[in-house]
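The values are calculated or read from the model by the stated rules, or taken from the named source; none is laboratory data. Predicted model, so just to flag it, every value in this text is computed and none were measured. Cβ placement follows ideal geometry from the backbone for every residue including glycine, while neighbour counts extend to all protein chains displayed. For accessibility, only protein heavy atoms count, side chains too; no ligands or nucleic acids. Shrake-Rupley method; radii C 1.70, N 1.55, O 1.52, S 1.80 Å.
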Amino acid sequence: MSTAVASTVTVGETDEPPRSVPAIKYFLSKLGGSAISMVMVILLGFFAFKLLPGDPVALMARERPMSAEQMDQLRAQLGLSKPMIVQFWDYLVNVFTLNFGNSYVYKQSVASLIGQYFWNTILLTGTSAVIAIALGLWLGQRSAWKHGSWFDRISSGIALVFWSVPTFWLALLLLMVFGGSLQWFPTGGMMSPSPPTGTLDKVLDVASHMVLPVITMVAVVYAQYLMVMRASLIEEMGEDYLTTARAKGLREDKVRTRHAVPNALLPTVTLVFMHIGGLIAGAVTVETVFSWPGLGKLTYDAISGPDLPLLQGTFVVFSAIIIVTNLMADLVYRLLDPRVRTA
């Protein structure tokens, strides 16, 4: 009798489905990790940039002659002569009030500069991300389904070449060939020196300036989506549920698009969210080469200064974007994959 009861209890415990982790608990744990990362970014944004070589006041003195007394007065005006703990407190107040102080070079608030240049970066990187994701996922699933074919070899080989090419080198190459030698596209900026007046003409003018930087960013990013999608789909192709789908009479295109691809998208979706933030942060090189007026170009100018308030502001904004997109990747992955909810 006792053996039967024990057996019943054992079977009941074994057959009990795994309990889902409460959504609010999962969200709070991820949010807490993101908050800790943000605190570390804020601390690093102050102390790391204080170690940068160069004197902002000495840079300003190059533009117009200053006496030693005038340079000391300027340091006091910029707050550079305050004790380190006081500078740190001012920095924290600026960060949490989204003020970031005033730029040494541009002579205006860092917040207004970031607001002015932010949407230019979003336009450039957003367009690049959409094209790279669509191209990478389409080529990846086609390559996997035709694994070993000439299409797979060519598409994978080209993707690996672009993946290994340094971004700045590709940007300079495109700039010299298509902007310089052939003169097919503008060599820099976001609009022509004398922009057209009509709305459609303005859109076309901006689009022509976007071609080369967008091609550069797409070329070095789409390969990651292609290779991950390809590997994930190849792994799914041996699963039994695909054999069952074929046995029901579904055509190969339906088997791929309705069954294999949705399951193979899980790791790719996470990669997409994680790399969107990285793509925005990685715009520094492309925007600098093509003189695109965005946060990347702003960051480069801040480093050249050094313009500490501007550099700290762009660093915090870029880092916040990456942290938020990584948090979104964790939350979306939990919604798509039930195994995460029971982990």
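Considering only residues of the stretch 309-336 that are over 17 Å from Lys25 (Cβ atoms) and at pLDDT below 80, which is most open to solvent (accessible area, probe 1.4 Å)? Outline the logic, then answer.
Initially, the stretch 309-336 is screened for residues over 17 Å from Lys25 (Cβ atoms), giving 309-326, 328-329, 332, 336.
With at pLDDT below 80 added as a condition, the list becomes 329, 332, 336.
Details: Ala329: 3, Val332: 39, Leu336: 86 Å².
Restricting to residues being over 17 Å from Lys25 (Cβ atoms) and at pLDDT below 80, the top hit is Leu336.
Of everything in the stretch 1-29 that's assigned to a helix (DSSP H, G or I) and at pLDDT 50 or above, which residue is surrounded by the most Cβ atoms within 10 Å (Cβ to Cβ)?
Our first condition is that a residue be assigned to a helix (DSSP H, G or I); within the stretch 1-29, this holds for 2-15, 23-29.
Within this subset, residues satisfying the condition of being at pLDDT 50 or above are 23-29.
On the way: Ala23: 12, Ile24: 8, Lys25: 9, Tyr26: 17, Phe27: 14, Leu28: 11, Ser29: 12.
Step by step, filter the stretch 1-29, then rank; the result is Tyr26.
From the list Val110, Val177, pick out the single residue that is more than 22 Å from Thr268 (Cα to Cα), among the β-branched types (Val, Ile, Thr), touching a Gly at 6+ places or on another chain (Cβ under 6 Å) and modelled with pLDDT of 85 or more. Before the answer, list the steps.
Values: Val177 fails: touching a Gly at 6+ places or on another chain (Cβ under 6 Å).
Sole residue among the options that is more than 22 Å from Thr268 (Cα to Cα), among the β-branched types (Val, Ile, Thr), touching a Gly at 6+ places or on another chain (Cβ under 6 Å) and modelled with pLDDT of 85 or more: Val110.
Which ones in the stretch 191-222 are of a type outside the set (S, T, N, Q) and modelled with pLDDT under 80?
If we filter the stretch 191-222 for residues that are of a type outside the set (S, T, N, Q), which is where we start, we get 191, 193, 195-196, 198, 200-207, 209-215, 217-222.
Within the stretch 191-222, Pro193, Pro195, Pro196, Gly198 qualify.
With the structure loaded, tell me whether Trp184 is farther than 30 Å from Gly313 by Cα, open to solvent by 50 Å² or more (accessible area, probe 1.4 Å), in a loop (DSSP other than H, G, I, E, B) and of a type in the set (A, V, I, L, M, F, W, C) or whether it fails that test. Before the answer, list the steps.
Numbers: farther than 30 Å from Gly313 by Cα: yes; open to solvent by 50 Å² or more (accessible area, probe 1.4 Å): yes; in a loop (DSSP other than H, G, I, E, B): yes; of a type in the set (A, V, I, L, M, F, W, C): yes.
Judged against the criteria, Trp184 is a match.
Report whether or not Gly136 is farther than 14 Å from Gln224 by Cβ and of a type in the set (Gly, Ala, Ser). Before the answer, list the steps.
Values: farther than 14 Å from Gln224 by Cβ: no; of a type in the set (Gly, Ala, Ser): yes.
Spelling it out, it is not the case that Gly136 is farther than 14 Å from Gln224 by Cβ and of a type in the set (Gly, Ala, Ser).
Here are some residues: Gly126, Gly32, Gly140. Which one is modelled with pLDDT of 85 or more and loosely packed, with under 12 Cβ neighbours inside 10 Å?
So the residue among Gly126, Gly32, Gly140 that is modelled with pLDDT of 85 or more and loosely packed, with under 12 Cβ neighbours inside 10 Å is Gly32.
Which residues, counting only those in the stretch 193-209, are open to solvent by 40 Å² or more (accessible area, probe 1.4 Å) and either assigned to a helix (DSSP H, G or I) or under 19 Å from Lys297 (Cβ atoms) (or both)?
Listed by number, the residues that qualify are Pro193, Pro195, Thr199, Leu200, Asp201, Lys202, Val203, Leu204, Ala207.
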